[in-house]
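Shown next, in structure tokens, is the structure this report addresses.
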Amino acid sequence: MVHELSLFLRSIFVDNMIFASFLGMCSYLAVSKNVKTSFGLGIAVTFVLVITVPVNYLLQTEVLSETGIFKQDLTYLAFILFIAVIAGITQLVEMLVERFFPALYSALGIFLPLIAVNCAIMGGSLFMQQRIGLEHESSQYIGSIGDAFIYAFSSGIGWLLAIVLLAAIREKMAYTNVPKPLRGLGITFITVGLMAMAFMCFSGLNL
Amino acid sequence: MATNNKEAFLTPLSRNNPILIQVLGICSALAVTAQLEPAIVMGLSVTVITAFSNAIISLIRNTIPKRVRIIIQLVVVATLVTIVSLLLRAFMYDVSVQLSVYIGLIITNCILMGRLEAFAMSNKFVPSLLDGIGSGLGYAWILVVVGAIRELLGSGTLLGFRIIPQAAYDFGYADNGMMTMPAMALILVGCIVWVHRSIVKDIED
């Protein structure tokens with residue numbers, strides 16, 4: 001239980017996808033102009049992560065690894081298979097959102113198909129694959145499908161938190177007098193940098 | 001045709017730079033630049049992969065059905081990335097450990113998909129190849145600049161060689177540990193965007 005809780009908290013605050021490993025930066029910078037859309041994208045990313053990471057965990061442990069059904073190391077296929085799973089599932093999510101949440105669909109517009117090539121999703125799977133190999137005592141260790149699920153969910157929440165925070169700051173920043181060449185992209189980078197510094201305060205967090 | 005080729009090669013270097021203007025491929029640009037060497041390796045890998053994937057997709061563009069093009073593009077890119085990743089692991093093991101998951105993340109690097117969709121799907125072989133190389137280099141030079149600044153100020157070395165002399169440390173100079181942290185990467189890229197936009201005017205945001 002302690003391990004799960006620790007994994008959960010660490011994935012949100014310490015190993016935050018944005019501030020510690022820059023995953024999903026492209027859509028993070030492009031979409032974070034207002035809180036509402038950001039929240040929608042954050043939910044979409046969390047949702048896709050929660051589905052794809054456990055599926056890829058099963059793929060990695062049951063099919064690709066030496067103890068899987070083929071009894072040989074097939075990890076060199078991991079990139080292609082992971083991205084295929086992600087692209088398929090994203091397509092499915094896109095169709096579901098279009099059918100049941102048309103308002104959200106029109107707000108997210110072009111970004112839903114882009115989730116397929118969002119580094120946060122692929123990064124989640126690749127970090128999961130790497131963490132299977134860690135020692136069991138490590139709080140980052142992922143040893144079961146439950147761990148994979150917790151990791152995916154909390155990373156998604158961390159991403160959501162980061163994008164909503166940035167969107168809120170950018171909404172306020174629209175009223176400030178920023179030097180012209182720095183306006184837009186430049187100041188956003190610097191803001192994210194300062195936020196990353198603030199999140200470094202959590203780095204001692206350990207259960 | 002000749003000007004077209006030149007344009008395809010040159011615009012991504014500054015006026016249409018993938019990182020500074022199109023804001024694509026930021027993730028890996030920030031994560032691998034704590035030192036110069038992985039930054040260079042990463043920049044070259046991305047250049048090779050964009051060049052080849054642009055060329056391959058442009059060759060087969062007329063045979064790809066429109067509906068499944070994303071999957072086909074992803075498969076081509078994923079195959080190239082797997083090859084590069086295995087080559088790095090075989091010949092430059094230390095660097096490939098440092099780059100860890102970010103080599104795999106080249107697959108989802110928006111530069112690749114962006115160039116494939118916007119350029120290779122509708123252009124001939126030679127311009128596509130040049131556009132791929134140009135975009136890759138436009139990405140690489142930012143990585144090299146950020147990597148060099150972070151390594152020089154963060155640990156006083158470049159490519160592992162000591163640049164800031166021992167005498168400076170004896171006088172009380174200290175390395176800025178912050179530079180090796182993720183936070184400073186963001187701020188540095190922000191400053192580069194700032195400088196670039198004050199030199200190259202008339203860029204719409």
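Since every read-out is calculated from the coordinates, none of them should be taken as a lab result. Owing to the predicted nature of the structure, the values given are computational and were not obtained by experimental measurement. Here Cβ is always computed from backbone atoms with ideal geometry, including for glycine, and neighbour counts include all displayed protein chains.
Once you sort the root eigenvalues of the Cα gyration tensor of chain A as a ≥ b ≥ c, which label holds: rounded (a/c under 1.5), prolate (a/b larger than b/c) or oblate (the other case)?
Working: a/c = 2.24, a/b = 1.44, b/c = 1.55.
Cα axes put chain A in the oblate bin.
Would you tell me the mean number of C-beta atoms belonging to other protein chains that fall within 10 Å of each C-beta in B:108-119, as a whole number?
Average neighbour count from other chains, rounded to a whole number: 3.
To make sure I understand, if each residue's beta carbon is the centre and we count other beta carbons within 10 Å, what order do A:Glu94, A:Glu137 fall in, fewest to most? Each step should come with its number before you reach the end.
Numbers: A:Glu94 18, A:Glu137 7.
Lowest count first: A:Glu137, A:Glu94.
So what's the net charge close to B:Tyr169: Lys and Arg +1, Asp and Glu -1, counting the other residues with Cβ under 13 Å from its Cβ? Intermediate results must be reported in sequence, preceding the final value.
Values: positive: B:Arg162; negative: B:Asp170, B:Asp175.
Cβ neighbours under 13 Å give a net charge of -1.
Which ordering of B:Leu20, B:Leu143 is given by a fewest-first count of other beta-carbon atoms within 10 Å? Present the calculation step by step, with values, prior to reporting the outcome.
Values: B:Leu20 22, B:Leu143 25.
So the ranking, lowest neighbour count to highest, is B:Leu20, B:Leu143.
What does the charge dipole of region B:2-204 about its Cα centre add up to, to the nearest 20 debye, if the Cβ of each Lys and Arg holds +1 and the Cβ of each Asp and Glu holds -1?
Numbers: 13 positive and 10 negative charges, 156 e Å.
Using Cβ point charges on Lys, Arg, Asp and Glu, region B:2-204 gives about 740 debye.
Over region B:2-204, calculate the relative contact order: mean separation of alpha carbon pairs under 8 Å at least 6 apart, over the residue count, as a percent.
Working: 264 pairs, mean separation 72.8, N = 203.
For region B:2-204, the relative contact order is 36 percent.
What do you get for the angle between helix A:78-100 and the principal long axis of chain A? Use alpha-carbon atoms, 0 to 90 degrees, nearest ten.
Approximately 60 degrees, to the nearest ten.
Would you work out which of A:Phe39, A:Met1, A:Ile12 lies farthest towards the positive end of the dipole of the protein assembly as shown, given +1 charges on the beta-carbon of Lys and Arg and -1 on that of Asp and Glu, about the Cα centre?
In the protein assembly as shown, that residue is A:Phe39.
In nm, what is the difference between 0.36 nm times the number of residues separating B:Ser14 and B:Leu87 and their Cα-Cα distance?
Extra length available between B:Ser14 and B:Leu87 comes to 23.3 nm.
Let's test the formula: R0 of 30 Å, r as the Cβ-Cβ distance of A:Phe39 and A:Tyr175. What FRET efficiency results, to the nearest 0.05?
On the way: r = 21 Å, r/R0 = 0.71.
My answer for the efficiency is 0.90.
Measure out, as a whole number of angstrom, how far apart the alpha-carbon centroids of region B:90-143 and region A:134-164 sit.
29
What does the net charge come to around A:His3 if you take all other residues with beta carbon closer than 11 Å to its beta carbon, with K and R at +1 and D and E at -1? Kindly include the intermediate steps, with their values, before the conclusion.
Numbers: positive: A:Arg10; negative: A:Glu4, A:Glu137, A:Asp147.
Combined, the nearby Lys, Arg, Asp and Glu give -2.
Mind ranking A:81-88, A:172-179 by how tightly packed they are, going by the mean number of other C-beta atoms within 10 angstrom, highest first?
A:81-88, A:172-179
Say R0 is 22 Å: what FRET efficiency, to the nearest 0.05, do A:Leu134 and A:Ala168 get from their beta-carbon distance? Intermediate results must be reported in sequence, preceding the final value.
Values: r = 35 Å, r/R0 = 1.58.
Efficiency at R0 = 22 Å is approximately 0.05.
So what is the orientation-averaged projected area of region B:2-204, using the convex hull of its C-alpha atoms, in nm²?
Numbers: hull surface 52.3 nm².
Seen from a random direction, the Cα hull of region B:2-204 projects 13.1 nm² on average.
Do you know the Lys pair count in the protein assembly as shown for C-alpha distances under 19 Å, with sequence separation 8 or more or different chains? Present the calculation step by step, with values, prior to reporting the outcome.
Working: A:Lys33/A:Lys172; A:Lys33/A:Lys180; A:Lys36/A:Lys172; A:Lys172/A:Lys180; A:Lys180/B:Lys201; B:Lys6/B:Lys124; B:Lys66/B:Lys124.
Taking the Cα cut-off of 19 Å, the pair count is 7.
Along the positive direction of the dipole of region B:50-203 (beta-carbon charges: Lys, Arg +1; Asp, Glu -1; about the Cα centre), which of B:Asn54, B:Asn123, B:Gly156 reaches farthest?
Value: B:Asn123.
What is the mean number of Cβ atoms from other protein chains located within 10 Å of the Cβ atom of each residue in peptide B:67-74, rounded to a whole number?
Details: counts 0, 0, 0, 6, 6, 0, 1, 8.
Partner Cβ neighbours, averaged per residue: 3.
Arranged by the count of other C-beta atoms within 10 angstrom, fewest first, what order do A:Thr67, B:Thr108 take? Each step should come with its number before you reach the end.
On the way: A:Thr67 8, B:Thr108 32.
Exposure proxy ranking, most exposed first: A:Thr67, B:Thr108.
Magnitude of the Cβ-charge dipole of chain A, K/R +1 and D/E -1, about the Cα centre, nearest 20 debye? Don't skip to the answer; put the middle values down first.
On the way: 10 positive and 11 negative charges, 201 e Å.
The dipole magnitude comes to about 960 debye.
Can you give the Rg/Rh ratio of the protein assembly as shown, where Rg is from the C-alpha atoms and Rh is the Kirkwood radius?
Numbers: Rg = 21.0 Å, Rh = 22.0 Å.
When Rh is taken as the Kirkwood radius, the ratio is 0.96.
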